[in-house]
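Everything on this sheet refers to the single structure shown next.
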Amino acid sequence: MKTFRRDSDEQSEAGKERIKRSAISSLKQRNYRLYFIGQIISNAGTWMQMVAQSWLVLQLSKSGSILGIVSAVQFLPMLFFGPLAGVYTDRYNKRKLLILTQSLFGIVALILGILDLSGAVALWMIFVSAALMGIINTIDMPSRQAFVIELVGREDLQNAVSLNTVVMNGARVVGPSIAGGIIYAFGVGPNFILNAISYIAVIIVLLKLDMSKLRPATRVAAKKGQLREGFRYVRSHSELAIPLLMMVIVGTLAYEFQISIPLLATTTFHKGAGSYAILTASLGFGAVIGGFLSAKYAKVSQRLLNIAAGIFGVMMLGMAGAPSYNLELLITAATGAISILFLSTANTLLQITAREEMRGRVMALYGVAFLGSTPVGAPLIGFISQHFGGRIGILVGGVATLIAAGFGTYRVSRNKAAALETVQG
């Protein structure tokens, strides 16, 4: 009995150690540690700008529909040019592409901040700024997503992707909180300036990476037909097509929190900038928890993606029906946690499944599904929320996510049935 208990204790301790290692494994690599620190600073600045931009648009337009259109303009380039950007991501050095995009992001943010502080800002200028940010992001997103595996390798990819979501959503906690205070005390302009400065941190990190420790993907030589080749590749591999189609549905109607949350705060609960920032931070806080749990425990699979989508949809229905602001904060935090499990699982599943020379194009399509769908979803959710209330906008997203979960489950069961028939035949 004592021997059995001792063996069990040793196995338990070994299990705990494996969990501990998996939670921090990618951070043991110097290059990823540097990148991680740079992303913390940059993402905080990005969320400060997003909160400031949304608040500025609402101040100037007094319209949820206009807020949705601005968001659509920012992501429209991803919809049209995202797949083409993936071709160039596969052709060129991703580190150099990221240095270029971070520099351009900083310049646009700086100009917008100066315009606001000088009192010259107008609504059309925000539209232009949003469009420029969108064009830059078309190259930045697939490069950034595909660069992670070059930093850490396949063995630590899931951990690194999950920790990236922790960074992004930790920034969602910190960034809006800082932005809300700055807006209250000084106005929106300083948020844009601080975001411009934050990009310098990423550029410094990219310049200081140990090039000998990178695992660069083989660059694809330029030739005709590479864009069509990427589409054919995804279409012929259901293990890529299913997650991407699920992400199209969820990305279009559920991940429009930059539209639904400010309208929920202002029109449903009749709150101001501070409460809006806190509600956004609650989503981010939950996402941080979800990211850590994903980094520790998640074993990536299509089944996990389907389960995460189903729970995500249910939690959004809870957000839509919360009777009080305080309860809304709790449910929003839980929604943030499960949303990140869904997001990190889809991201990792695509990266580890895609062939190396196709990874840039596959992740560009992921960007189109996740962000490029915003030009369709943002105006729609903005219109619905403006005319029927913030709750209905979130309800639509929850129903769509449940549909995506059902679609993924159905396709997996159908593929298994087809495979069984082939074996028996």
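What to note about this one:
- Residue among L227, L207 that alone is of a type in the set (A, V, I, L, M), surrounded by fewer than 16 Cβ atoms within 10 Å (Cβ to Cβ) and within 27 Å of A378 (Cβ to Cβ): L227
- Check on A146, over 21 Å from G367 (Cβ atoms) and surrounded by 22 or more Cβ atoms within 10 Å (Cβ to Cβ): no
- On the stretch given as segment 289-312, residues that are under 17 Å from the mean Cα position of the chain (by Cα) and surrounded by 23 or more Cβ atoms within 10 Å (Cβ to Cβ) total 8.
- Residues being touching a residue at least 40 places away in the same chain (Cβ under 8 Å), more than 18 Å from F370 (Cα to Cα) and among the polar types (S, T, N, Q) - total across segment 385-415: 4
- Residue within segment 63-82 that is over 15 Å from L371 (Cβ atoms), modelled with pLDDT of 85 or more and not in a helix (DSSP H, G or I) present: no
- For Q258, the stated conditions hold: it is under 25 Å from S344 (Cβ atoms) and either out of contact with any Cys (no Cβ under 6 Å at 6 or more places or on another chain) or touching a residue at least 60 places away in the same chain (Cβ under 8 Å) (or both).
- Of residues in segment 89-118 being out of contact with any helix residue (DSSP H, G or I) (no Cβ under 7 Å at 6 or more places or on another chain) and assigned to a helix (DSSP H, G or I), the one surrounded by the fewest Cβ atoms within 10 Å (Cβ to Cβ): K96
- Applying the criterion of at least 2 residues that are aliphatic (A, V, I, L, M), modelled with pLDDT of 90 or more and within 29 Å of V57 (Cα to Cα) to the helices (runs of 4 or more DSSP H) found wholly in segment 286-387 leaves 302-321, 325-353.
- With respect to the stated conditions, I66 is more than 30 Å from Q158 (Cα to Cα) and either of a type outside the set (D, E) or over 17 Å from the mean Cα position of the chain (by Cα) (or both).
- Search result, residues across segment 44-82 that are surrounded by fewer than 24 Cβ atoms within 10 Å (Cβ to Cβ) and closer than 26 Å to M363 by Cα: T46, M50, I69, A72, V73, L76, P77, L79, F80, F81
- Subset tally (residues that are of a type outside the set (G, A, S) and surrounded by 22 or more Cβ atoms within 10 Å (Cβ to Cβ)) for segment 259-279: 7
The values are calculated or read from the model by the stated rules, or taken from the named source; none is laboratory data. Only a predicted model underlies this, so the values are computations on that prediction, with no experimental measurement involved. Note: ideal-geometry Cβ built from the backbone for every residue, glycine included; neighbour counts use all protein chains shown.
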